[in-house]
Structures are given as C-alpha cells and as structure tokens.
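The values are calculated or read from the model by the stated rules, or taken from the named source; none is laboratory data. This one's a predicted model, so the numbers in the text were calculated from it and none came from an experiment. FYI the Cβ positions are ideal-geometry reconstructions off the backbone, even for glycines, and counts take in every protein chain you see. Protein only, heavy atoms only, side chains kept; ligands, DNA and RNA dropped before computing areas. Shrake-Rupley method; radii C 1.70, N 1.55, O 1.52, S 1.80 Å.
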Amino acid sequence: MPRVYGSTLCPFSRAVHMLCEALNVRIEKQNVDWLHQETADLCFKSLNPNEEVPVFQDDDGFVVYESAAIMLFLCESFDTERKWLPRPLRERTAVHQVLHWVQRTLKPSIHEIVYHSFFALQYLDIKHSDDDQKVRNGFALLNTALKTLNDRLETSKYLCGNVFPTIADISVVCLLSQLCLVQWRVPALYPHVDRWLTLMQSLPAWGVTHSYLADTLQRMARNKRRLLNTELDMIREEELRLDRLARSEELRVKIASGIEAARIRKEEEDERARQRKLRNAEMQRLHAEEESRAQLARRNEAARVIQKFYMEFRQRNPRHSNNNNIIGDSNNTGGGKAGGGGELSGGLDDGVSPFDSASLGTGVVGDDGTRPSTGTKATTNPDHDRDKESVSTSNYDENDSNYNTDG
C-alpha cells in the first residue's frame, strides 16, 4: 500500500489526501509533526532532504516529494479518465501554470498570515517582534492574489476549465482553507472566489479530507486547554510551594528570633545577677567599713571617757597630782623622780591612758615592794600589778572624806 507522510495541519498534505480520495487510491497515512521538527529526523531526511511534507512512497519504495509533483504522479498513475489532469497540452499547461503560481505568490502570503498569527503565538508559544508587520504584509499579498483569482474565475467555473476541477483547484482550495485557522472569510470584493470555494467544498473528497482538519483543530483546542490547565496547575503548585517556603522562612525567622530573644534575655538576666552580686559585695564592703569606723569611734569614745574620768579624778583629788608615791608604799623613795607618781602625772598630762602599761611602767610595784627605775618597762604579771594598784589606791584614799572605796 502506498504511504503518504504528511500532516493535517499542512495544506499541501491535505491536497494530496484529497486527490487520493478523489481517485479512490488507498494510502497509508503517516502523520509527521513538522511544527516540532520531526521532519529533521534522519529517517525522514532520507526520504526528503528538504525536511518538508508531504512525501509519497509507493509499494516499490519509489519516493516523490513536493505536493505538485506528487499530484502529477498520482494523476499519471491512477487517473485513467484524465479528469484531474487534462490530456490537451494547453489545458495541462494551464494546470502547471496555476501550480507554479501557488508556490510563488499564494503560499508566501498565507504562510505569513497563518504562521505569525496562529502557529507561532497559539501553537508554538513564540512571540516575534515583527509578527504584526508580517501579518499585514501577508494580507496585502493575499489581496493581490485574491484579485487575480477573482478575475480568472469571472469567466470560468473552475480555475482551468468549466467542465471539471483539476489538481490546480485542489491545490488552491486546500491552501485557502488554511486561513480558517485565523477565522478568515472571503471578502465581499471577491464574489467569484466565494462562489468557487463553495463549489469546491461541496465535493465528497473535501468533506472526507478536511474533517481531519476539523478534528485536528478540536484536538489542538483540547490540547491547548489541557496545556493551559497544566500550566495553571503548575502555577498553582508553584504558588503553593512559594507559600510553603515563605511560611517555612517565616517560621524559621520566628524560631531564630525566639532563640535570639531567649539568648538576649539570658544575657540580661546574667548581667542583672552579676550587677546584684557586685552591689551586694559593695554593700558588704561599705557595711564592713562602717562597722570598722563605728568600732574605732567606740574605742576613741571609751578612751575619751577614761581620760575625762581621770582628769576629773585628779581635779577632785589635787593631792594625788602632787604626791610622788601614788602607787606603792608612801615611804619608798627609790627610783626616778619622786617615785612613780611623777610618771603617772606625766602620763595623764600628756593625754595617755592610765591603763597603758607603757605609760604606767614606772609606777608599777614589784613583788619585793620596790618599783623599777624611770624608763624601765615592768615585767611582772599584769593581773598581780592591778591587784596591788587597787590595794595601794585604797590605802591612800582611806583618809579622803570625798572618796568611797566601795563606790
């Protein structure tokens, strides 16, 4: 079975399919996605080095590419009545003429319109900076081509005669049908073209062939919606991912902030504890200094009280200040200046406490009833000396009416 490599989106592939339907030639259709560069495959390039569809391959492996050449081969091989390619030379030449005109004039204009307003934007998602200008140029060329067709069809039912359509009509009508992808309608300026299109679309082969185009368009629309839904799902998933990431980042920031706040609070608590320790130590130091000053003040006060007492004592007892034997036996004349009394008197006059052993050294009575000489420090037992001093003082004060030994 012959095989045709093509695509329902390609108008020239549809032209070959339509002729096969008109000639009742059974073929195996191999769909090739030329928009996504499947024609660049090495296997396909071995069939057509130009990487274009359609390509015809018969049972013997003979390969023909270019749609005009394929339709000529099919007519020569299967059109026994020579309806689609007339035998007369002039009519056949007219068919060749239209086929060449299609490739040179009509194809470029329709390609500019359909590719830059449909395939690039809606099917391939490609945006060119000059798409609008390309489309305007395409419509300008299309109007010129439509005027040529309208003038030709004004005097003829078909492009190359009045009896039966030819492969020239098939090639042109399939190419013009490509404009349905951009919702194009024949302008009112070209009524003969509109009439001819209606006549060609009434052929049985047209309905069979272009139903594939309608199915393809519906499938493309479904795929487009599916792609859009997929893109929307991807966008929503990306938004959810970004939202989760933002929440995770926010949570991480909160955790980090909490950790930092806890660290700062701990440092502040440690600093407060250290300050409390320093204050407590300072207060203890100040308290110790105050206590030391208080003790010193009490000692000084006690010394002043004792000094005052002895000064008052001497004032009340003037004879003791002139008596040279305040401590010890009154008959003892040994040692120093009139005994220890001068020593005691000097000590009191100098403001020295009478309880200071160094000041009272010369007034201390020894165990043998004598006292050391002036400048000699007493070496006897202090308790024993105080007992003797008390006894001596009591003996001297017995005759003093102002002094009470019991007091």
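A few points about this structure:
- Rounded D (µm²/s) - segment 73-202, Kirkwood Rh over Cα pairs, Stokes-Einstein at 4 °C, 1.567 mPa s: 82 µm²/s
- Sulfur and carbon atoms: percent of accessible area, segment 132-194 [1.4 Å]: 54 percent
- Dipole of segment 21-100, positive end: most advanced residue of SER67, VAL55, LEU35 [Cβ charges, Cα centre]: SER67
- Segment 93-163-segment 257-299 distance, computed between alpha-carbon centres (Å): 98 Å
- Packing-based ranking of 169-182, 9-22 yields 9-22, 169-182, ordered from highest to lowest mean Cβ neighbour count within 10 Å.
- Computed over segment 16-156, the Cα gyration tensor eigenvalues convert (square root of 5λ each) into semi-axes of 29, 25, 11 Å, ordered from largest to smallest.
- By average C-beta atoms within 10 angstrom, highest first, the peptides 263-275, 107-119: 107-119, 263-275
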